[in-house]
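Chemist: First, the structure itself, so that you have it in front of you.
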Amino acid sequence: MNGLYVHVPFCKSKCYYCDFYSVTNSAEQADFSGLISQEVDFRENYLADKSVDTLYFGGGTPTLLSPEQLNDVLNKLKLTFRVDKQSEITIEANPDDLTSENLKAYKSMGFNRISIGTQSFFDEHLLMMNRRHTADQAKDSITMAHDLGFQNISIDLIYGIPGMTMDQWIANLEIAVKLPANHVSAYHLSIEPGTKFGRLKRAGKLFEISDDDSVDQYKLLREIMLANGFEHYEISNFAKPGYYSRHNSKYWNGEAYLGLGPSAHSFNGHQRHWNPASLKKYINDVKDKRIPKGEIINALTKRNEYVMTHLRTSKGIDGHDFQALFGESEWLGFLAMAEKYFINGQLKQYNNRVWFDCEAWFYSDGILSDLFIVQ
Ligand SMILES: C[S@@+](CC[C@H](N)C(=O)[O-])C[C@H]1O[C@@H](n2cnc3c(N)ncnc32)[C@H](O)[C@@H]1O
Ligand code: SF4
């Protein structure tokens, strides 16, 4: 079945590392549900069929919308698409927006998974990243979500933060595994050019941590999560059995999804489309019912994307599935390109399946580009 993604492009303030599309103090926030509803009206036939079983509200900060607005969007989606009864319905939340009233409202309107942007349990890190909440607020919001009936809770953590010690990283992970979260997304800080951190780095005022420290933190992450019953199912994602993100898994498995809202991407199996990363342009497009820019995915791109997304997961690439899509000679070609990584142990191969060695996963970008066919 398909997935639906809604990008809510509003934030109270910008975190210094963040390059996701969002705006602050926007007057357009008040009518955002109306805009999404109009977009749904002219894009409802994008997917080959209307059955969906994952809905994901991300951002930006979806929890900045009022519960009424969120409910309006959900209702519109439920009226337009065939939303499976067992759907996974996720809301991304910032700890400072989570009150017991809001959480109860999210639960009663149908959200059954919450992804809480925690980042760190140390106030000094939260402050230097310009987060709007304290460590205690983050902990309390996770516990409160659980106490109010959310059984499916994910938290985001960032490592590789300049100045973060190994002991602090260990403490972050140990706090995380004791909290009632059954999914953890842990990202290495990426210093993006267009962010405040990017500017500080260019000015020589912020320094990336060393490669050795990055690798050590990644190893600790795996060690502590595995020791506490989490499965490392995707480069940056860990989950207790049965709690993999069904929506994000669609991206890695090449399944179709419709993305609504500014900067949202969509994929219908053979084409990709992307909405403009500008609220103004998005509003104009919606008013004119303009289909967003897109591209047809040719066979070569499909093959490269298949390699990249499947190798992000612990399952890796299944040779039968690959051959069913691209043929035997493509598979043999892929195995030949991968040969040097089988020899050095960075890729594993068994039973017609290929996957990353867990330590090499951390360096996968360079290896993956070597496995692409470029013409
Ligand atoms: C789409 S963001 C927004 C979630 C939500 N607005 C929040 O801040 O809590 C999802 C996650 O991506 C991660 N992230 C964003 N930018 C990052 C960066 N430059 N480096 C590492 N992680 C990043 C953060 O962990 C963040 O919680
Ligand atoms: S991390 Fe979340 S809250 Fe911070 S700027 Fe990005 S989207 Fe907004």
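Chemist: Using a 10 Å cut-off on Cβ atoms, rank the peptides 309-315, 299-305 from the highest mean neighbour count down.
Modeler: Descending packing order for the listed peptides: 309-315, 299-305.
Chemist: Find the eigenvalues of the gyration tensor of the Cα atoms of the chain, then list the square roots of 5 times those eigenvalues as equivalent ellipsoid semi-axes, largest first, in whole angstrom.
Modeler: After scaling each eigenvalue by five and taking roots: 31, 28, 21 Å.
Chemist: Shifting gears a bit: Tell me the net charge near Met144. Cut-off is 14 Å between Cβ atoms, Met144 excluded, with +1 for each Lys or Arg and -1 for each Asp or Glu.
Modeler: -3
Chemist: Here's something else I'd like to know. For the chain, can you list the cysteines whose C-beta has no other cysteine C-beta under 4.7 Å from it?
Modeler: Isolated Cys, the chain: Cys11, Cys358.
Chemist: So, one more: For segment 43-50, just list the computed ³J(HN,Hα) in residue order, Karplus coefficients 6.51, -1.76 and 1.60, θ = phi - 60°, integers in Hz, with x standing in for Gly and Pro.
Modeler: With the stated coefficients, segment 43-50 comes to 10, 5, 9, 4, 7, 4, 9, 9 Hz.
Chemist: Using unit Cβ charges (K, R positive; D, E negative) and no other charged atoms, how large, in debye to the nearest 20, is the dipole of the chain about its Cα centre?
Modeler: Numbers: 39 positive and 47 negative charges, 172 e Å.
Computed about the Cα centre, the dipole is about 820 debye.
Chemist: Please calculate how many Å² of accessible area the chain carries per residue, with a 1.4 Å probe and no DNA, RNA or ligand atoms counted.
Modeler: Values: 16960 Å² over 375 residues.
Averaged over the residues of the chain, the accessible area is 45 Å².
Chemist: Right, something else. 7 Å from Cα along Cα→Cβ at both Gln38 and Arg199: what's the point-to-point distance in nm?
Modeler: Placing both labels 7 Å beyond Cα along the Cβ direction yields 3.2 nm.
Chemist: Continuing with this model, one more query. Can you give the relative contact order of segment 2-252 as a percent, counting alpha carbon pairs under 8 Å and 6+ residues apart?
Modeler: Values: 403 pairs, mean separation 44.4, N = 251.
Relative contact order for segment 2-252 comes out at 18 percent.
Chemist: Using a basic spin-label model with each label point 7 Å from the Cα along Cα→Cβ, how many nm lie between Glu192 and Asp31?
Modeler: Label-label distance for Glu192 and Asp31, simple model: 2.8 nm.
Chemist: Another question, then. What are the ³J(HN,Hα) values, in whole Hz, obtained from phi via the Karplus relation 6.51 cos²θ - 1.76 cosθ + 1.60 with θ = phi - 60°, for each residue of segment 345-362 in sequence order, with x given for Gly and Pro?
Modeler: Result, rounded to whole Hz: x, 6, 10, 10, 9, 7, 6, 6, 10, 10, 8, 7, 4, 4, 7, 5, 3, 5.
Chemist: Whole-Hz ³J(HN,Hα) for each residue in segment 328-337, computed from phi via Karplus 6.51 cos²θ - 1.76 cosθ + 1.60 with θ = phi - 60°, x for glycine and proline: what do you get?
Modeler: These are the phi-based 3J(HN,Hα) values: 5, 5, 4, 5, 5, x, 4, 4, 5, 5 Hz.
Chemist: With springs only between Cα atoms under 10 Å, which of His270, His133, His183 fluctuates most in a Gaussian network model of the chain?
Modeler: Maximum fluctuation in the GNM of the chain, among the listed residues, is at His270.
Chemist: Additional query: What residues from segment 120-158 fall in the zone where the backbone N is under 17 Å from a label point 7 Å along the Cα-to-C-beta line of Leu220?
Modeler: Only 120-126, 157-158 pass the distance filter.
Chemist: Listed highest first by mean packing, meaning other Cβ atoms within 10 Å per residue, what order do 209-218, 158-167, 102-111 come in?
Modeler: Taking the mean over residues of other Cβ atoms within 10 Å, the ranking is 102-111, 158-167, 209-218.
Chemist: Roughly how many debye, to the nearest 20, is the charge dipole of segment 299-371 about its Cα centre, given +1 on each Lys and Arg Cβ, -1 on each Asp and Glu Cβ, and no other charges?
Modeler: Once rounded to the nearest 20, the dipole reads 100 debye.
Chemist: If you add up the charges near Lys107, with Lys and Arg at +1 and Asp and Glu at -1, over every other residue whose beta carbon is less than 13 angstrom from its beta carbon, what do you get? Intermediate results must be reported in sequence, preceding the final value.
Modeler: Numbers: positive: Lys104, Arg113; negative: Glu101, Asp147.
Charge balance in the 13 Å sphere: 0.
Chemist: Label 7 Å along Cα→Cβ of Val374; segment 289-311 residues with amide nitrogen under 15 Å?
Modeler: Residues passing the 15 Å test: 301, 304-305.
Chemist: Can you compute the charge dipole magnitude of segment 217-328 about its Cα centre, using +1 on each Lys and Arg Cβ and -1 on each Asp and Glu Cβ, nothing else charged? Give it in debye, rounded to the nearest 20. Please list the in-between numbers first.
Modeler: Details: 16 positive and 11 negative charges, 110 e Å.
Result for segment 217-328 is approximately 520 debye, rounded to the nearest 20.
Chemist: Right, here's the next one. How large are Rg and Dmax for segment 299-371 when only the alpha carbon atoms are used, in Å?
Modeler: Looking at segment 299-371, its Cα Rg and Dmax stand at 11.1, 31 Å.
Chemist: While we're here: Where does the charge balance sit around Thr61 when Lys and Arg score +1, Asp and Glu -1, over other residues with C-beta under 10 Å from its C-beta?
Modeler: Net of charged neighbours comes to -1.
Chemist: Now a separate question. Of the heavy-atom accessible surface of the chain (probe 1.4 angstrom), what whole percent is carbon and sulfur?
Modeler: So the carbon and sulfur contribution to the accessible surface is 50 percent.
Chemist: Between Ala48 and Ile296, what's the calculated FRET efficiency when r is the beta-carbon distance and R0 is 22 Å? Round to 0.05.
Modeler: Efficiency, rounded to the nearest 0.05: 0.90.
Chemist: Using per-residue counts of other Cβ atoms within 10 Å, averaged over each peptide, order 191-197, 51-57, 113-119 from highest down.
Modeler: Most protected by this proxy first, the peptides run 113-119, 51-57, 191-197.
Chemist: From zero outward in steps of 10 Å, how is the percent of C-alpha pairs of segment 250-360 spread across the bins?
Modeler: 13, 37, 24, 17, 9, 1
Chemist: Here's a follow-up. Counting only helical runs of four or more DSSP H residues, what would the 222 nm mean residue ellipticity of the chain come to if each run contributes -39,500 (n - 2.57) and the total is spread over all its residues?
Modeler: Numbers: 14 runs with 154 residues, N = 375.
Per the formula, -12500 deg cm²/dmol.
Chemist: Hey, another quick one. Looking only at the chain, where both bridge partners belong to it, what percent of the DSSP beta bridges are antiparallel (to the nearest 5)?
Modeler: Approximately 40 percent, going by the DSSP bridge assignments.
The values are calculated or read from the model by the stated rules, or taken from the named source; none is laboratory data. Just so it is clear, the model here is predicted, and its values are computed rather than measured. Note: ideal-geometry Cβ built from the backbone for every residue, glycine included; neighbour counts use all protein chains shown. The area values use the complete protein model at the heavy-atom level, side chains included, leaving out ligands, DNA and RNA. Shrake-Rupley method; radii C 1.70, N 1.55, O 1.52, S 1.80 Å.
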